[in-house]
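Undergrad: Take this structure first; my questions come after.
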Amino acid sequence: MKAQEKFGEKLRTYRTQQGLSQEQLALKADIDRTYIASVENGKRNVSIQTIHKFLKAINIPFSEFFSDFTQL
């Protein structure tokens, strides 16, 4: 699995665990909803600035979110 696919999968998992729709996450992160869909589907290579917006919006620390990325 590519890093961008794993990122998208984890973002979707955290988003749904918090009961957020893509639209709600888009509003919290100030990112277009269609962009979120493409990220969650592993179609985007996300910048560090955008990653920061996502993680701040879902209130997850970088260390927790990326803890298992060494297994790629």
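The values are calculated or read from the model by the stated rules, or taken from the named source; none is laboratory data. These numbers were taken from a predicted model, which means no experiment stands behind them. Each accessible area value is taken on the protein alone, full model and side chains, heavy atoms only, with ligands, DNA and RNA left out. Shrake-Rupley method; radii C 1.70, N 1.55, O 1.52, S 1.80 Å.
Undergrad: Tell me the carbon and sulfur percent of the accessible area for region 1-58, rounded to whole percent, probe radius 1.4 Å.
TA: 46
Undergrad: Report the relative contact order of the chain, percent, no decimals, based on alpha-carbon pairs under 8 angstrom and at least 6 residues apart. Could you put the intermediate results ahead of the total?
TA: Numbers: 57 pairs, mean separation 29.4, N = 72.
Reported as a whole number, the value is 41 percent.
Undergrad: In the chain, what is the volume of the convex hull around the alpha carbon atoms, normalised per residue and reported in Å³? Can you show the working numbers first?
TA: Numbers: hull volume 5.6 nm³, N = 72.
Dividing the Cα hull volume of the chain by its residue count gives 78 Å³.
Undergrad: For Gly42, what residues show an amide H to amide H distance below 5 Å, using hydrogens built from the backbone and excluding near sequence neighbours?
TA: The list, which skips near neighbours in sequence, is Gly8.
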